[in-house]
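Step one of this worksheet: look at the structure below.
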Amino acid sequence: MNNAVFDLAAYLKDLEYLINIDSGSNYPEGTAQVAQFFHQKFSAMGWQVRSHNFDSSIGPCLEIVNTDQGQYDVLLMGHMDTVFKIGTVAERPFMVKEDKAFGPGVNDMKAGLLSIYYALSSLQHEGKLNQTSICIAFNSDEEISSMFSRTWLEELSEKSRYALVLEAARANGNLVNQRKGVGRYKIEVFGVAAHSGVDPEKGCSAIQELAHWILALHNKTNYQTGTTVNVGVISGGTAVNVVADQAKAEVDLRFYNVAEVEAIENIMKDLVAHPRTSGVIAKVTGGVTRPPMNPTEKTLQLCSVVEQIGCELGIEIGWTATGGGSDGSFAANLGIPTIDGLGPVGGGSHGANEYILIHSIEPRFHLLRRIIQDIAEN
């Protein structure tokens, strides 16, 4: 039985406040306002809140702890930034329609942040955190690959026994115990311009060379192993009657197996060293931005515990492996047992119809409470 009291009306009121803040990754004033909300909430609980300003282009990142030990039983992770531009809230503010709550960032992942606060506030009120050391990490640059906060997140992960990530549960209710790693690359090709009608032989086409790159990279997609390569953005040339002297491409790589990254990067190195088009030069920048989140034996043991808790609460627990990245990958890559998708159930992330299911909020609140309790007691 679960006797913890949950105030859904209060939760939705707080959620409305958070959703109606534009807090895109590149709008530090907005993420700072979200951070201030949680700074006040946890300070009122007596927790220590430290604000980190890793770069002026992003908002503050919050490190919230209930102990001076410097070692933690549980690291709870979430991000305060969204993908949406300034003005999105004015276009479509928080809205409740039947069993769904809508709004920019409601699923990814302001509801998850709020669930962390409500679960910990409830547990502390009941005196169930007295022997449990907890660290909360809320960053403001997750949607731009956590480029400024990664080192900090890894340092906190190394001090923690377990990591719980409050990204939303999948639309079917599943949690996440495996995520692909992410690589991002920029290819630049430089050729020689020439009149395509008068003396095309004097030109060296950067676009022609880039075409070789695109085919070679896309041929490395392997759906069986989960490796995908997508050249998602290309540009080049200046006019239709000019041999292109420049071309660019941006590449997205997703993978479970890091060995396949080396193979793909070797292809790029070979193309740089041995251009397929005479007279061109190419260069590549970028690399892996997130390691894969692959479950270890200890992670699978934690998954079994979560399944048992779910059974006791009447929540069917399923698991999903996904190609989307999260900060949980940083913890998992260091060998920390990590599970993700512990927020309310929802879908439509990064889109105009992003939502969470209101009826899922309280059950997932109880699930998170019980997981934290079990870690503390065992």
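The values are calculated or read from the model by the stated rules, or taken from the named source; none is laboratory data. Keep in mind that this is a model prediction, so the values were computed, not measured. Because the Cβ atoms are built from the backbone with ideal geometry, glycine has one as well, and the counts that use them run over all protein chains shown.
Odds and ends about this structure:
- Taken together, the criteria exclude Arg184 from residues that are part of a strand (DSSP E or B), of a type in the set (Lys, Arg), touching a residue at least 60 places away in the same chain (Cβ under 8 Å) and touching a helix residue (DSSP H, G or I) at 6+ places or on another chain (Cβ under 9 Å).
- Ile315 meets each of the listed conditions (1) under 29 Å from Arg369 (Cβ atoms); (2) touching a His at 6+ places or on another chain (Cβ under 9 Å); (3) surrounded by fewer than 17 Cβ atoms within 10 Å (Cβ to Cβ) apart from (3).
- Tabulated pairs, the range 262-276, first within 16 Å of Thr228 (Cβ to Cβ), second assigned to a helix (DSSP H, G or I), C-beta under 6 angstrom, 6+ apart or interchain: Ile267/Ala216
- Index of the failed condition, Leu300 passing every other in (1) part of a loop (DSSP other than H, G, I, E, B); (2) more than 14 Å from Ile371 (Cβ to Cβ): (1)
- Filtered by the rule that a residue be among the polar types (S, T, N, Q), in a helix (DSSP H, G or I) and under 19 Å from the mean Cα position of the chain (by Cα), the range 79-136 gives Asn107, Ser115.
- Subset of the range 204-228 that is outside any helix (DSSP H, G or I) and in contact (Cβ under 8 Å) with a residue 60 or more places away in the chain - its residue that is nearest to Glu250 (Cα to Cα): Thr228
- Set side by side, the residues Cys204, Cys311, Cys303 differ, and just one is touching a strand residue (DSSP E or B) at 6+ places or on another chain (Cβ under 6 Å), assigned by TED's automatic domain parsing to the domain that holds Met147 and more than 21 Å from Arg184 (Cα to Cα), which is Cys303.
- Counting the residues of the range 264-288 that are surrounded by fewer than 13 Cβ atoms within 10 Å (Cβ to Cβ) and aliphatic (A, V, I, L, M) gives 1.
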